[in-house]
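Shown next, in structure tokens, is the structure this report addresses.
The values are calculated or read from the model by the stated rules, or taken from the named source; none is laboratory data. Predicted model, so just to flag it, every value in this text is computed and none were measured. Here the Cβ positions follow ideal geometry from the backbone for every residue, glycine too, while neighbour counts run over all protein chains shown. Ligands, DNA and RNA are stripped out before the accessible areas are found, and what is left, the full protein with its side chains, is counted by its heavy atoms. Shrake-Rupley method; radii C 1.70, N 1.55, O 1.52, S 1.80 Å.
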Amino acid sequence: MIDLRSDTVTTPTDGMRKAMARAEVGDDVYGEDSTVNRLQDMAAALLGKRAALFVPSGTMANQLAIRSQTQPGQEVIVESTCHIVRYEQGAAGALAGVQLHWVTGERGIMTAEQVEAAIRPKDPHSIQTALICLENTHNAGGGTIYPLSTIEKIRTVAVKHGIPMHLDGARLLNAVAATTLPPASYAQHFETISMCLSKGLGAPVGSLLISSDLSLIDRARRFRRMYGGAMRQAGILAAAGIYALEHHVTRLKEDHDHAKKLARLLQRIPSVQIASQHVETNIIIFDVVDHRRPPTELVAALKEQGVLINAIGGQRYRAVTHLNISSKQIDEAGEIFARILAR
Ligand SMILES: *Cc1c(COP(=O)(O)O)cnc(C)c1O
């Protein structure tokens, strides 16, 4: 099966499994898991920050960032199609008690002007803006890379208004691989960054919350406990993360090349509408104009031929390349798409 539903479907490689089996562990609630500590130090250093916290999921990392930097009744600026809005079960409202202020960006990217217009005045009537969240790369936007110049402009606005910034960097290293910019060039503009190990990096479990503010990380550690995310001998999982950071970062470029190639193959199919210049990283979003078959049928027909993708509403579909997809499979998928979608 050529599984292009998501880069979360990646499974640990033999090397990663060996690293996990060998991991030195301890009780991380006591701060005694040396492998967790090593992963946290590595991740912080990678982004040029002072500390990191290992957590079970990207959702938890985002939610700890929100909970640690806001008070109930405040507002957080987000892009309207971001993960925090769509895929976190309303946690920002349910767990942090904040209201989300949606700004609709262009393929997930907000402008500094939009962000500034969304900041509430500091008067006694208005709700108070506590945090600005960006997502890089932007998942629903189609793996869009936030231009560094746009981040810098948004940062200028944030500093002017004294508002901290959080980056949902679930796929930050995809942006890094695509642009070859140093990770810290993005990270320097944010108080907190979340990063997933379980997407294209191929670890089975785990994300990180990264920051230079040590008291913020201490607060986040307490909320991690509150949210049920404090783990014990988590070094088994952290070892997979270390392995991923050591072996699977530079290869992300391959996934991007595969995505561009698949986009070119899709572009040749008359019923497919795709702006291939919009395939910037490992996510391909495309439309199929098929008046006879509803999306569920189309997805099922592809599955029968060995290709899995997600229908994401209307005529729109999403395919994601990753560690477990070879160049040969991209060619095969291209042929299967051509065969099924031509009918
Ligand atoms: C996957 C993802 C997350 C976190 O997802 P989990 O499944 O909770 O690990 C956060 N943000 C973005 C943009 C994502 O794609």
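Computed values, structure above
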{"quantity": "Whole-percent carbon and sulfur share, accessible surface of the chain, 1.4 Å", "calculated": "51"}
{"quantity": "Under 10 Å, Cβ to Cβ, from residue 285 - net charge with Lys/Arg +1 and Asp/Glu -1", "calculated": "+2"}
{"quantity": "Sites matching trypsin sites (Lys or Arg not before Pro) across the stretch 1-61 that sit in DSSP coil, with at most 14 neighbouring C-beta atoms within 10 Å", "calculated": "50"}
{"quantity": "Sum of -39500 (n - 2.57) over DSSP H runs of 4+, divided by residues of the chain (222 nm, nearest 500)", "calculated": "-12500 deg cm²/dmol"}
{"quantity": "Label point distance in nm, residue 117-residue 184, each placed 7 Å from Cα along Cα→Cβ", "calculated": "3.6"}
{"quantity": "Listed residues 306, 97, 169, most fluctuating in the chain (Gaussian network, C-alpha, under 10 Å)", "calculated": "306"}
{"quantity": "Trypsin sites (Lys or Arg not before Pro) restricted to DSSP loop in the stretch 224-279 with at most 16 other C-beta within 10 Å", "calculated": "232, 251, 268"}
{"quantity": "Order of exposure, largest accessible area first, which applies to 247, 189, 138 with probe 1.4 Å", "calculated": "247, 189, 138"}
{"quantity": "For the chain: accessible area per residue (Å², 1.4 Å)", "calculated": "42"}
{"quantity": "Reach of residue 260 by Cα under 14 Å, taken over aspartates and glutamates that are not fewer than 8 positions away in the same chain", "calculated": "280, 331"}
{"quantity": "Per-pair calculated FRET efficiency, R0 = 45 Å: residue 126 and residue 21 via Cβ, rounded to 0.05", "calculated": "0.25"}
{"quantity": "Probe 1.4 Å - accessible area at residue 288, Å² to nearest ten", "calculated": "10"}
{"quantity": "All lysines inside 23 Å of residue 49 as judged from Cα atoms, apart from same-chain residues fewer than 8 positions distant", "calculated": "153, 160, 199"}
{"quantity": "Per DSSP, loop trypsin sites (Lys or Arg not before Pro) in the stretch 115-179 with at most 13 further Cβ within 10 Å", "calculated": "122"}
{"quantity": "Cα centroid of the stretch 273-343 to Cα centroid of the stretch 123-188, whole Å", "calculated": "29"}
{"quantity": "In degrees, nearest ten, helix 295-304 long axis to first principal axis of the chain (Cα)", "calculated": "70"}
{"quantity": "Crossing angle, helix 252-267 versus the chain [Cα axis fit, 0-90 degrees, rounded to tens]", "calculated": "40"}
{"quantity": "Residue with peak Gaussian network fluctuation, the chain [Cα springs, cutoff 10 Å], from 53, 167, 181", "calculated": "181"}
